[in-house]
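A short worksheet on the structure shown next.
The values are calculated or read from the model by the stated rules, or taken from the named source; none is laboratory data. Just so you know, these numbers come straight off a predicted model, no measurement behind them. Here the Cβ positions follow ideal geometry from the backbone for every residue, glycine too, while neighbour counts run over all protein chains shown.
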Amino acid sequence: MRADFKVVLDACVLANYGVANLLLLLAEKPRLYLPLWSEEILAETRRTQTGKFRWEERLADSFQTQLKAEFPESLVSGFDHLIDECTNDIKDRHVLACAIHSKAEVILTFNLKDFQNDALSPWQIAATHPQDYLLMLFELEPLHVMHQLGAISQKRGMTVEDHLIDLGKFLPKFASRLLDDLET
């Protein structure tokens, strides 16, 4: 099932390189979904990478440059007029406005508390944890997901199992499910 299903990736997802790497590989053609973000989301991603995660500035800049080059159709703008209509957490209203404007049905975020259902339902948008979305993609396209995990693992010089254990720090249900499948 290759699709242009629109999904806004929140900064907390993009800043987490391990999670973002897998999600972005699954968004390359033949893609399983179309990732979306805004300049505001990218700026927040960079601040998190250089601040909380202590990335070197050149590395964070390179990440941004590569995102824009690989996914030029993912950058959303022109939604500022919608921000005041959003009622979710004030610091993440720009993310919801981006989703509304782009007609995305899903926002991927680790911060589900900032996207309460009562603020999203009028727009028919859902906030989903990355592991739940990855589990859904795995159910739809298990070979494609496993192929991308294998490619990442090989590039990192580790086994798929070890890579899944690393991902388990952020995506415990996803990692556990795939590890279980590998054992059977």
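Looking at segment 162-178, which of its residues are of a type in the set (Phe, Trp, Tyr) and either exposed (fewer than 14 other Cβ atoms within 10 Å of the Cβ) or not in a helix (DSSP H, G or I) (or both)?
The one that is of a type in the set (Phe, Trp, Tyr) and either exposed (fewer than 14 other Cβ atoms within 10 Å of the Cβ) or not in a helix (DSSP H, G or I) (or both): PHE170.
Say we look at segment 1-33 and pick out the residues that are in contact with a strand residue (DSSP E or B) (Cβ under 9 Å, 6 or more places away or on another chain) and surrounded by fewer than 17 Cβ atoms within 10 Å (Cβ to Cβ); which of these is farthest from HIS94 (Cα to Cα)?
ALA3
I want to confirm something. Restricting to segment 31-73 and keeping residues that are out of contact with any Cys (no Cβ under 9 Å at 6 or more places or on another chain) and of a type in the set (Val, Ile, Thr), which single residue is farthest from LYS103 (Cα to Cα)?
Looking at the filtered set, the residue picked out is THR50.
From the list ALA69, ALA97, pick out the single residue that is in contact with a Leu (Cβ under 6 Å, 6 or more places away or on another chain) and modelled with pLDDT of 95 or more.
When all the criteria are applied, what remains is ALA97.
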